[in-house]
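One structure follows; several queries about it will come next.
The values are calculated or read from the model by the stated rules, or taken from the named source; none is laboratory data. Given the structure is predicted, the values throughout are model-derived calculations rather than measurements. All Cβ positions, even for glycine, are placed from backbone atoms using ideal geometry, and neighbour counts span all protein chains on display.
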Amino acid sequence: MSTEPRPPRPRLFVAVDLPQDVRRALGAAQDALRDRDLGSLRWVRPEGVHLTLKFLGETPADRLDAVRTAVAAAARGRAPFRLSLGPAGTFGGRRPRVLWLAIEGDVEPLRELQSAVERELVAAGFPPEERDYSPHLTLARVPQPPSPATARRLAEALAGLDPPSAEFDVEELLLMRSHLQPAGAVYETLAAFPLR
């Protein structure tokens with residue numbers, strides 16, 4: 001058995017960062033939902049929320065240059081655009097797994113940018129995403145399986161939640177690394193790619 005340490009494999013994703021006023025709006029939406037007796041949801045800290053375009057997961061360190069090159073190519077020649085927060089929803093149907101806020105505004109340029117990121121990374125040898133892209137910001141995760149009463153309360157709470165009023169400009173893409181910690185992930189920006 002080899003005793004050599006395993007080479008580092010940073011946990012990577014490509015995302016758009018959020019300004020502080022948007023993070024405050026996310027926190028206010030979470031507070032409004034917390035007051036609705038929704039059980040033991042795992043709330044995402046607002047400072048840890050990003051608009052993810054591609055999750056790469058554990059990536060060999062020697063592939064970092066290929067990732068940077070692909071993301072730079074995806075950002076090149078694209079104009080900045082404006083997004084806003086939309087209504088709340090869930091993934092998982094009758095057994096909700098994730099609570100989220102939708103993204104609205106200039107969603108078509110966002111989809112084109114995400115598609116370019118996907119295309120460039122697949123061309124660089126990374127596996128394609130199996131699901132269609134659904135732009136959202138995660139508010140909380142639901143322990144599984146949720147009870148029928150919890151699922152019902154979630155549906156009622158989300159139906160009564162007014163979407164937060166917040167807009168933001170997308171002017172760059174970030175290559176991010178997440179460091180998993182007992183208290184939650186800590187995020188590090190490895191590179192930024194301006195939209196021009």
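Give the residue, chosen from 118, 129, that is acidic (Asp, Glu), closer than 28 Å to residue 81 by Cβ, in a loop (DSSP other than H, G, I, E, B) and touching a strand residue (DSSP E or B) at 6+ places or on another chain (Cβ under 9 Å).
So the residue among 118, 129 that is acidic (Asp, Glu), closer than 28 Å to residue 81 by Cβ, in a loop (DSSP other than H, G, I, E, B) and touching a strand residue (DSSP E or B) at 6+ places or on another chain (Cβ under 9 Å) is 129.
Okay, next question. Please verify whether residue 59 is within 16 Å of the chain's Cα centre (by Cα), surrounded by 15 or more Cβ atoms within 10 Å (Cβ to Cβ) and hydroxyl-bearing (Ser, Thr, Tyr), treating the condition exactly as stated.
No.
If you scan region 164-185, which residues turn out to be more than 22 Å from residue 70 (Cα to Cα) and either of a type in the set (S, T, N, Q) or exposed (fewer than 12 other Cβ atoms within 10 Å of the Cβ) (or both)?
Hits for region 164-185 are 165, 179, 180, 181, 182, 183.
State the number of residues belonging to region 85-110 that are under 14 Å from the mean Cα position of the chain (by Cα) and not in a strand (DSSP E or B).
The total comes to 1.
Report, ordered by the first and then the second residue, all pairs with beta carbons closer than 7 Å, sequence separation of six or more or different chains, a first member in region 137-156 that is part of a helix (DSSP H, G or I), and a second member that is surrounded by fewer than 12 Cβ atoms within 10 Å (Cβ to Cβ) and modelled with pLDDT under 90.
151/94; 153/37
A quick yes/no check of all residues on (1) modelled with pLDDT of 95 or more; (2) under 18 Å from residue 55 (Cβ atoms):
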site: 81; (1), (2): yes, no
site: 89; (1), (2): no, no
site: 94; (1), (2): no, no
site: 104; (1), (2): yes, no
site: 109; (1), (2): yes, no
site: 112; (1), (2): yes, no
site: 116; (1), (2): yes, yes
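May I pose another question? Please go through region 166-196 and pick out each residue that is outside any loop (DSSP other than H, G, I, E, B), under 24 Å from residue 84 (Cα atoms) and in contact with a Pro (Cβ under 9 Å, 6 or more places away or on another chain).
168, 169, 170, 172, 173, 194
Okay, next question. Quick test for you: out of 15, 74, 32, pick the one residue that is surrounded by fewer than 17 Cβ atoms within 10 Å (Cβ to Cβ) and not in a loop (DSSP other than H, G, I, E, B).
Selected residue: 32, the only one of 15, 74, 32 that is surrounded by fewer than 17 Cβ atoms within 10 Å (Cβ to Cβ) and not in a loop (DSSP other than H, G, I, E, B).
Considering only region 105-120, I want to know if a residue exists there that is under 22 Å from residue 31 (Cβ atoms), among the aliphatic types (A, V, I, L, M), out of contact with any helix residue (DSSP H, G or I) (no Cβ under 6 Å at 6 or more places or on another chain) and surrounded by fewer than 17 Cβ atoms within 10 Å (Cβ to Cβ).
Checking region 105-120: not a single residue is under 22 Å from residue 31 (Cβ atoms), among the aliphatic types (A, V, I, L, M), out of contact with any helix residue (DSSP H, G or I) (no Cβ under 6 Å at 6 or more places or on another chain) and surrounded by fewer than 17 Cβ atoms within 10 Å (Cβ to Cβ).
Run residue 7 past the list (1) modelled with pLDDT under 95; (2) within 17 Å of residue 139 (Cβ to Cβ); (3) in contact with a helix residue (DSSP H, G or I) (Cβ under 9 Å, 6 or more places away or on another chain) and report the number of the one that doesn't hold.
(2)
For region 156-196, how many residues meet the condition of being more than 28 Å from residue 60 (Cα to Cα) and among the aromatic types (Phe, Trp, Tyr)?
Within region 156-196, residues that are more than 28 Å from residue 60 (Cα to Cα) and among the aromatic types (Phe, Trp, Tyr) number 1.
Identify, please: which residue in region 35-71 is assigned to a loop (DSSP other than H, G, I, E, B) and hydrophobic (A, V, I, L, M, F, W, C) and is, among those, nearest to residue 191 (Cα to Cα)?
Here the answer is 49.
Output yes when any residue across region 157-165 is touching a Ser or Thr at 6+ places or on another chain (Cβ under 9 Å), at negative phi and assigned to a helix (DSSP H, G or I), and no when none is.
yes
Could you say which residue among 23, 9, 76, 63 is of a type outside the set (A, V, I, L, M) and closer than 30 Å to residue 151 by Cβ?
The unique qualifying residue is 23.
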